Amino acid sequence: SHTHPLNRLCHTFGIPSIVISLLLFVAAIFVEGLWPWALALFVVGWSLQFLGHHIEGKPPEFLHDWRFLLVGLRWWFAKIRGRA
């Protein structure tokens, strides 16, 4: 379902933004003032995801099955290794 190049581009940047934001949220427990950065990355990452799906014209699969959240991360790792 990720065939449109702009959707793929949005996912290329959106997925790592979300993952980094989650790590920053954990770090924000110990580092004061870090949570706004985590929140900004989280919002930007998800905005890119939904923008990509809007461009593709298909809803995200995770709306039907939460396990597809992990598939997105797996796709991103495959992409950076040149396999996606």
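The values are calculated or read from the model by the stated rules, or taken from the named source; none is laboratory data. On a predicted model such as this, the values are computed, not experimentally measured, just so you know. FYI the Cβ positions are ideal-geometry reconstructions off the backbone, even for glycines, and counts take in every protein chain you see. Please note that ligands, DNA and RNA were not included when accessible areas were found on the heavy atoms of the full protein model with its side chains. Shrake-Rupley method; radii C 1.70, N 1.55, O 1.52, S 1.80 Å.
Data table
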read-out	value
Helical mean residue ellipticity (222 nm; -39500 (n - 2.57) per DSSP H run of 4+; nearest 500) of the chain	-23500 deg cm²/dmol
Rg/Rg_globular for the range 1-59, with Rg_globular taken as 2.2 N^0.38 Å and Rg from C-alpha atoms	1.27
In Å², nearest 10: area of residue 22 left accessible to a 1.4 Å probe	90
Surface accessible to a 1.4 Å probe, residue 29 within the full protein complex, Å²	130
Chain lengthening between residue 77 and residue 35 when straightened (0.36 nm per residue, less Cα-Cα)	12.6 nm
Protection-proxy order for peptides 38-49, 7-18, 55-66, each taking the mean of Cβ atoms within 10 Å per residue, highest first	7-18, 38-49, 55-66
